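The values are calculated or read from the model by the stated rules, or taken from the named source; none is laboratory data. Model, not experiment: these values are computed from the prediction. Cβ coordinates were reconstructed from backbone atoms using ideal geometry, including for glycine residues, and neighbour counts include every protein chain displayed.
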Amino acid sequence: MAIAQATPRGYLERPRPSGLADVIDVILDKGLVIDAYIRVSLIGIEILTIDARIVIASVDTYLRFAEAVGRLDLREDESQGLPELMESVTSGGSKSKTQGALEGVKETLFGGDEEEEEEEEKEKAPSRSRSRSRSRSSSSGSSSSGSSSKRSSSSRSRSRKGSS
Amino acid sequence: MSEGSVYVYGVLKAQAAKSVSSSGVASAPVRDVQHDGLAALVSTVEGGALAAAREVRAHWKVLEETSASATVLPVRFGTVLESEDAVRSTLLEPNAERLSSLLDELDGRVQLTVKGGYDEELLLRAVMREAPAIAAMNDDLRRLPQDAGYYGRIRLGEAVAAEVDRRREQDTGLALDRLAPLAAGSRSEALSAADAAFNLAFLVERDRIDGFSKAVAELAREFGERVTIRYVGPLPPYSFAEMELTGPGAKWD
């Protein structure tokens, strides 16, 4: 489908197979709902749902930056590429606290699977800045609250998945 | 096999159920639980917590695979029932009629999602051009120092937002006009981004996808560069399977 995207005139001639980013809202908000009395409540699902939304929001932001940067003429200053821009944009204030989690969740949601990589060119931006922000988040993670322990567990499960 | 809690992905007709090769949440194999012509796709979950975000992905993959060849009613992400028996006695049996009739209604149909997004700059320029009062507010504000214009800026932003909403309504209406006649159903879904114009879900017969796609391409030409369209599918009918299911004991409620 990367080909379909590359030809702007023809790309709507058939629907694009969904990437997770396209369908996350319907997965989280739509479909059959089973009465809470029958359902077993699982700790984690609700937090997970929120996490997934944050990731989508951040991917959306990355996309805008990527597009905006794409419109700029970067020849004048080649050292200031996209990864550096992303870094400076996301490292301020509260954003840096959540970033470790975002990167971790994002990788599990979007990364590690060829199918989307080929179809979602938008993921290039986050993946390039990934390694640096991850190491930063692991050093700051221990001082924060309960939700950050959940985050680190999600990145643990990711690395386990990668090694298997 | 029926020991322990099970994660539920979706419900389909038993005769359409095939083995699923995608692995489910917590990497568990997916199987089906049948009752009276209906089948629920489930997998065993151990322990209490599903804390890894890749479960969203697993949920999605299982439904994608299944819906390629069958009509499946997706269950909302994160649904876990006590046991395989509970899937029969609390999900399939008491809701059999409603589930079967919804499956009949959706049979052979898929969801196609059409999202429109504005180019922010083009949108704001158009607002300024076509709403002189807003342009005048903007000019006045530019003459004031930053601090003095605070409330003025809020009023300006408010006016712009109202104008953008009005345009959204118009553009949503146009998209529905062009596409809804080719679909068996349509829903306007919540917008997830500030520059979104519309988010429409259509229920389309599998063998009418081509005609629908032509209309989408036509609509995109009509919008020009003002609105960019993202056209995604075919999907399981998420937006058309909204139904609250109750257990056997809840009927008097």
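Just to be sure I understand, how many residues within the range B:211-221 are at the interface with chain A (Cβ under 8 Å from one of its Cβ atoms) and closer than 12 Å to B:G233 by Cα? Matching residues across the range B:211-221 total 1. Annotation: of all residues in the range B:104-131 being assigned to a helix (DSSP H, G or I) and within 11 Å of chain A (Cβ to nearest Cβ), the one that is surrounded by the most Cβ atoms within 10 Å (Cβ to Cβ) is B:E120.
Scanning the range B:65-119 for residues that are in contact with a helix residue (DSSP H, G or I) (Cβ under 6 Å, 6 or more places away or on another chain), closer than 17 Å to B:A17 by Cβ and free of Cβ contacts under 8 Å to residues at least 60 places away in the same chain yields a total of 1. When we screen B:A26, B:A40 for residues that are outside any strand (DSSP E or B) and among the aliphatic types (A, V, I, L, M), the only hit is B:A26.
Okay, residues lined up against (1) touching a strand residue (DSSP E or B) at 6+ places or on another chain (Cβ under 7 Å); (2) of a type outside the set (K, R); (3) at the interface with chain A (Cβ under 8 Å from one of its Cβ atoms):
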site: B:R153; (1), (2), (3): no, no, no
site: B:R178; (1), (2), (3): no, no, no
site: B:P181; (1), (2), (3): no, yes, no
site: B:E244; (1), (2), (3): yes, yes, yes
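Scanning the range B:194-201 for residues that are more than 14 Å from chain A (Cβ to nearest Cβ) and modelled with pLDDT of 90 or more turns up at least one hit. Out of the residues in the range B:53-85 that are facing chain A (nearest Cβ under 7 Å) and in a loop (DSSP other than H, G, I, E, B), state the one that is farthest from B:V8 (Cα to Cα). Ranking the qualifying residues of the range B:53-85, first place goes to B:A53. Scanning the range B:27-48 for residues that are hydrophobic (A, V, I, L, M, F, W, C) and within 16 Å of B:S100 (Cα to Cα) yields B:V33, B:L38, B:A39, B:A40, B:L41.
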